[in-house]
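Since the structure comes first, as structure tokens, the remarks are kept for the end.
The values are calculated or read from the model by the stated rules, or taken from the named source; none is laboratory data. Computed from a predicted structure; not experimentally measured. Cβ coordinates were reconstructed from backbone atoms using ideal geometry, including for glycine residues, and neighbour counts include every protein chain displayed.
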């Protein structure tokens, strides 16, 4: 009997995880796969779901007026809202990592604040910033003689406004990730580069960036996942479901389309199918990201090539194995 | 003798039981939850605190779960889909009724247990019609309706000498709007507008957007009606009489209080918001008139229904509460007085309260206007695709107003998109 108890005990202890995992991960995933092959309005119980085969997928890929449009908008925002964060975050992290900067903790906190601020609050604040008549942004651009722009109403400016908010909100997050990565780079590398007389730029190009490649891969992957699911900012900035992302659906992202399909159109099957197509797209992008990262870090090829091209004086030696 | 006594006692007890059967439900000690949105909580709290309600439901504990319009309906749709979590009684806006009518999720109130059609015989016809499925099931009862009216500031109208009563057409309104849109302090910047946004007008000629989006399954027909709305929005923007404030944004709300916007089209309920929190300081200055051309339209309205998932034990009491809120004259009038949510119960339309002057509107007998419009709101067919049509048409308005897309092109695109989503 005791033996049985001993056998069972570990399973009892780890069961909360499996129960939670099954209830909140496995079931919703399985249910959404089920729904993507069915027509269901969400009302009247699941018994009313009708099998639809691949109808939703073929409709979305070949007939739907919104699917590719929303994917295009999402990818645009991924490039100018999510990828651009890294162009700011890496230099910022390098500056914050510098011993010359005083009060680094204050800056770190300040950069991280937008991340922990709710998207709705952020969007409301930015609605005022982007206001055509009284907004801060038009005031600043007005100083340079630029005519006022209706940032959150004109179709060409809506994606720009959303991208600005996304950048503002998430640069701090990436900065902290890169900061953690920078602190793991051995200082000896920089010291040897100093002895060889390398300039600041050369050191960062030939040491910092190559050493950060795994972190960059991680951060970019997270950006792809987050960017392809972007919903809060466009939803709030363009006033919710009612306007479907504003003029010409300029802020109607793929995730927005999923939620609209469920909440407004009552098409749970179609919404689930969009989610799975989006998942496939994220998967493909992540593989591409990994291939690119591997190309640069594989066998130190990238580092050696960059080193050879830019600063032959630095010999980074065999310790630069980034795997 | 003993046997006779026993028979008499049994007969008496049985008689008492049967006689008081229907009343017993309302006397039960029970807790009910009710989901509400906007300012319905304050209205129903006032009803709950009334003597009539306490007398009718002495042991009932009624708890409200209140949230904003969008949050409430998103929650409700999700919980109905999940089959759990909804409140015992739920309020829903007219724009959502078609979906539940078509797809279910709410208890059929026309069943013998409730006899909802009989109970709702004095409720507005269009409200009952919209809540009834093609096979005769009644999913909810209309609790309030929203006659669409024109609000304007009397002092501004007087100061500028612009007569704002009896406006005969939208073109006339736009012309008068130009006179109201001014630079008050002479700094070269307009600081007083006639209107918040063209979108706030767009649904008035479409009976508030509550039904009528399809004709023989063809969306946005008759075309003239919908193109006319796009043209109207375009004209308003081109006339420069709107402040371009998005609906219910901070600036939209403040614009009334601060006198930046001086006229508005909406349901009668907006007056309740004005009075209670948006601009109580402007008491006595707001006035009400018919919409241009004396259009009779609905601009909102609420229903009360009982989700199917409500337990059988609670349904009878849930029904009693629903019935009370929708068909009890006192409850209807308390709701009206608290939030200006106009009664759905036709029998109170001629209540003396309707011809009383209302202090907030400078003593104007505004309720007579509400009453007249309420009596004449047209019945329009609702469809399960209404929400899709509303959103896509709104997007077309955005395209015309904000992006300058020609009306014909925007109309054609919207029609194609609605068909695509059906």
**Fill in**
If we ask which residues in region B:53-70 are in a helix (DSSP H, G or I), touching a residue at least 12 places away in the same chain (Cβ under 8 Å) and closer than 25 Å to residue B:104 by Cα, their number turns out to be 1
**Message:** Filter region B:228-286 down to the residues that are within 14 Å of chain A (Cβ to nearest Cβ), touching a residue at least 12 places away in the same chain (Cβ under 8 Å) and over 26 Å from residue B:95 (Cβ atoms) and list them by number.
**Reply:** B:240, B:260
**Request:** Check residue B:312 against each of (1) at pLDDT 90 or above; (2) assigned to a helix (DSSP H, G or I); (3) surrounded by fewer than 16 Cβ atoms within 10 Å (Cβ to Cβ) and name the one condition it does not meet.
**Result:** (2)
**Number of positions in region B:121-152 that are in contact (Cβ under 8 Å) with a residue 60 or more places away in the chain and either over 23 Å from the mean Cα position of the chain (by Cα) or closer than 30 Å to residue B:98 by Cα (or both)** = 22
**Fill in**
A careful count of residues in region B:115-134 that are surrounded by 20 or more Cβ atoms within 10 Å (Cβ to Cβ) and not in a strand (DSSP E or B) gives 8
**Request:** Take region B:367-393 and flag every residue that is closer than 16 Å to residue B:96 by Cβ and within 14 Å of chain A (Cβ to nearest Cβ).
**Result:** B:382, B:383, B:384, B:385, B:386, B:387, B:388, B:389, B:390, B:391
**Item:** Set B:135, B:158, B:171: member being out of contact with any helix residue (DSSP H, G or I) (no Cβ under 9 Å at 6 or more places or on another chain) and in the same structural domain as residue B:292 (by TED's automatic domain parsing)
**Value:** B:158
**Request:** Only residues that are within 10 Å of chain A (Cβ to nearest Cβ) and touching a residue at least 24 places away in the same chain (Cβ under 8 Å): list them for region B:82-94, please.
**Result:** B:83
**Prompt:** Just checking, how many residues over region A:107-148 are without any contact (Cβ under 8 Å) to a residue 24 or more places away in the chain, surrounded by fewer than 19 Cβ atoms within 10 Å (Cβ to Cβ) and not in a helix (DSSP H, G or I)?
**Reply:** 9
**Message:** I'd like the full set of residues that are surrounded by fewer than 20 Cβ atoms within 10 Å (Cβ to Cβ) and either touching a helix residue (DSSP H, G or I) at 6+ places or on another chain (Cβ under 9 Å) or on the phi < 0 side of the Ramachandran plot (or both), limited to region B:215-231.
**Reply:** B:215, B:218, B:221, B:222, B:223, B:224, B:225, B:227, B:228, B:231
**Asked** Out of all the residues in region B:135-151, is one or more in a helix (DSSP H, G or I) and touching a strand residue (DSSP E or B) at 6+ places or on another chain (Cβ under 8 Å)?
**Response** no
**Item:** Segments classed as helices (runs of 4 or more DSSP H), wholly inside region A:190-280, with at least 3 members that are within 14 Å of another protein chain (Cβ to nearest Cβ)
**Value:** A:232-237, A:254-263
